[in-house]
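Structure record follows, encoded as structure tokens.
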Amino acid sequence: MNKKTKLAAAYKYKYKSKSKSAKKEKHGGDGENEKDLKPRSPVVTIMGHVDHGKTSLLDYIRKTNIIAGEFGGITQHVGAYNVKFKNGKSITFLDTPGHEAFTAMRARGTKITDIVIIVIATDENVMPQTKEAISHAQVAKVPIIFALNKIDKVNSDPMKIKRKLSEMNFLLKEWGGNYPSQDISAKSGEGVDQLLEKILLEAKKLNLRANPNKPAEGTVIEASLEKERGYTTTILIQGGTLKVGDYLVAGTFHGKVKLILNERGKSLKKEYPSKPVIILGLNGPPFPGEKFKVFLNEKEAKQFVENKIKLKKEHKFRFKRKPQITLEQMTKKIKKLKLIIKADVDGSVEALSDSLENLSTDKIVVQIIYKNIGLISESDILLAVASNAIIIGFNVKITSKAKILANQKKRDIRFYSVIYNAINAIKKALYVMTLDAKQIIPTKLVGTAKVINCFQQKKIGTIAGCLILTGQIKRNSKLRLIRKGQLIYSGELNSLKRFQEDVKEVNKGYECGIVIKNFNDIKIGDIIEFY
């Protein structure tokens, strides 16, 4: 029985891992009777670079395809809305601020999106924010449809975008690949109907279903406090039917549902799966991404919240000293090393990513899940959290907000200014991953030295004349010998001398003589790292 199971048992609850049932929960059917499941609308998130037409596309769809024809007066802060078409089909669109919010939900273990639309302007290029959006969608493991926008412009060049996507290993279906795409003009509406058809076709393949005949459950999209109404919460119903009068718990807040509104402000008595609604009645604002659930009565709802608060306090007390997730710790646990690379220029990004990917072996894979130029941002931290990746920064800094977030999320970020240092660090990590888990992994590099000369003595062996490049080396330090980026030997010093005299330590910028215990294959140019 693990810690989480024991903790749940202490409060008379059963612990159930999300990982095994995550896929079933998304498409419906986890623990459900097959005959109770009914088809549901797909939930779609539209993402892409700023000014590439996300908002224009959403506006066009909303204004021209809603049966009610009510395109005015829709609350601008609503995070989701459902679009109904003349053929009786419907699609729920998530109007989130960007992929940071999308991945923040993903990082909490929330899976609310079935399909992602990546909007790319055909008069520009595949921009950095577009690449980020694609990476976030890939981490979430949801189908991607590319909407190539602004084909009405004179300088539009859809073929250029398609070629660029193919270079990024996103081969479109029209070119024999796996990714659907549609040329569109969000301004005139050209191609939008075909895009919607492709969304519905993709949804049909996913066989999206849910049970409407049970108490409602789902996810919080956003929450706010309004002077006249109190706390208003936008939620997405993912299972069951929500009714006015239900007792609902979201996060650590609860309350009786007093009012249900759709995105056009129309009052509803009840609503079904895949539908977004605004509710009034909670006693506080839950965080976006929090799960909500309906209980039979107020007493049961309050008891659940009380137990949940106790559980959180107990968990915080027991695990408050949770260590930062570092490269060394991850190499103990996994056989796939996921990396995010941010560098100062494109050339460095490509050189570093290619070099690191080439380190993969038949037993261990180095996977670059995202690479780009620029500062390490909050988006990078959230992506690292969602994908359990290590961030490599090459000649770049981290924003102050991202640094705070990294500390909160306990993410490991490695900074380098020399490519071979980054390569060596990953090589060492891969080397450790092949070792027995009981072996101790070095955690603190104290200095590096370069071999500038070698001397042979019969009784002693090879004496390496070294220049200390960084830090300080001590007589009792352990060491690793690196040759042309390859780890050659790990061991310890036999002797450390300056001008024939034994010394305890040597600082940066000084020369010294080193003898490595039980190892003589030392060559000029070798790098020795001390830890």
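The values are calculated or read from the model by the stated rules, or taken from the named source; none is laboratory data. These numbers were taken from a predicted model, which means no experiment stands behind them. Using ideal geometry, Cβ is built from the backbone for each residue, glycine included, and neighbour counts are taken over all protein chains shown. Remember, those area values only see protein heavy atoms, side chains included, never the ligands or the DNA or RNA. Shrake-Rupley method; radii C 1.70, N 1.55, O 1.52, S 1.80 Å.
If the only charges are +1 at each Lys and Arg Cβ and -1 at each Asp and Glu Cβ, what is the size of the charge dipole of segment 116-273 around the Cα centre, to the nearest 20 debye?
Numbers: 24 positive and 19 negative charges, 115 e Å.
That gives segment 116-273 a dipole magnitude of about 560 debye.
Length gain on complete extension for the stretch Lys299 to Asn520, per 0.36 nm per residue less the alpha carbon to alpha carbon distance? Can you show the working numbers first?
Values: separation 221, 0.36 × 221 = 79.56 nm, distance 7.51 nm.
Gain in length upon complete extension: 72.1 nm.
Given H placed 1.01 Å from N in the peptide plane, which residues other than close sequence neighbours of Leu496 have an amide H under 5 Å from its amide H?
Val503
How much solvent-accessible surface does Asp51 expose, in Å² to the nearest 10, with a 1.4 Å probe and all protein chains in place?
The value for Asp51 is about 120 Å².
Cα-based count: Lys pairs in segment 132-227 below 20 Å, eight or more positions apart or different chains?
Close lysine pairs found across segment 132-227: 20.
Would you tell me the accessible area of Ser267, worked out with a 1.4 angstrom probe on the heavy atoms of the protein chains, in Å² to the nearest 10?
70
Just subtract the alpha-carbon distance of Trp175 and Phe499 from 0.36 nm times their residue separation and send over the number in nm, one decimal.
Computed gain between Trp175 and Phe499 is 109.7 nm.
Once amide H atoms are built 1.01 Å from N in the peptide plane, which residues 5 or more positions from Lys214, or in another chain, come under 5 Å H to H?
Result for Lys214 returns Gly240, Thr241.
Starting from the alpha-carbon convex hull of segment 357-399, give the projected area averaged over all orientations, in nm². Can you show the working numbers first?
Working: hull surface 14.0 nm².
The directionally averaged projection comes out at 3.5 nm².
Give a residue-ordered list of calculated ³J(HN,Hα) values for segment 278-285 (Karplus: 6.51 cos²θ - 1.76 cosθ + 1.60, θ = phi - 60°; whole Hz; x for Gly, Pro).
Ordered by residue, 3J(HN,Hα) equals 9, 10, 10, x, 6, 8, x, x Hz.
Output wanted: per-residue J couplings in Hz (rounded whole) for segment 503-513, from phi through Karplus 6.51 cos²θ - 1.76 cosθ + 1.60, θ = phi - 60°, x for Gly and Pro.
After applying 6.51 cos²θ - 1.76 cosθ + 1.60, I find 10, 8, 7, 9, 9, 4, x, 9, 9, 7, x Hz.
Determine ³J(HN,Hα), in whole Hz, for all residues of segment 412-417 in sequence, where each value follows from phi through the Karplus function 6.51 cos²θ - 1.76 cosθ + 1.60 and θ = phi - 60°; x replaces Gly and Pro.
So the Karplus estimates, Gly and Pro as x, are 8, 10, 10, 10, 9, 10 Hz.
Please list, ordered by chain and number, the residues whose modelled amide H lies under 5 Å from the amide H of Val446; skip anything fewer than 5 residues away on the same chain.
Placed amide hydrogens put Phe530, Tyr531 under 5 Å from Val446.
Per residue, what volume in Å³ does the convex hull of the Cα atoms of segment 489-531 enclose?
Working: hull volume 4.2 nm³, N = 43.
Each residue corresponds to 97 Å³ of Cα convex hull volume.
Evaluate Rg over Rh across segment 105-208, taking Cα atoms for both radii and Kirkwood's formula for Rh. Let's see the in-between values first.
Values: Rg = 13.8 Å, Rh = 14.3 Å.
Using Cα coordinates only, the ratio equals 0.97.
Rounded if a/c is under 1.5, else prolate if a/b is larger than b/c, else oblate: which is segment 148-255, with a ≥ b ≥ c the root eigenvalues of its Cα gyration tensor? Show your work: numbers first, answer last.
Details: a/c = 3.03, a/b = 2.07, b/c = 1.46.
In terms of gyration-tensor shape, prolate.
Does segment 153-213 come out rounded, prolate or oblate, given a ≥ b ≥ c as the square roots of the eigenvalues of its C-alpha gyration tensor, rounded meaning a/c under 1.5 and, failing that, prolate meaning a/b above b/c?
Working: a/c = 3.53, a/b = 1.56, b/c = 2.26.
Oblate, because a/c is 1.5 or more while a/b does not exceed b/c.
Across segment 358-499, what fraction of all alpha-carbon pairs, as a whole percent, falls in each successive 5 Å bin from zero upward?
Bin by bin from 0 Å, the calculated values are 2, 7, 14, 18, 17, 15, 12, 7, 4, 3, 1, 0.
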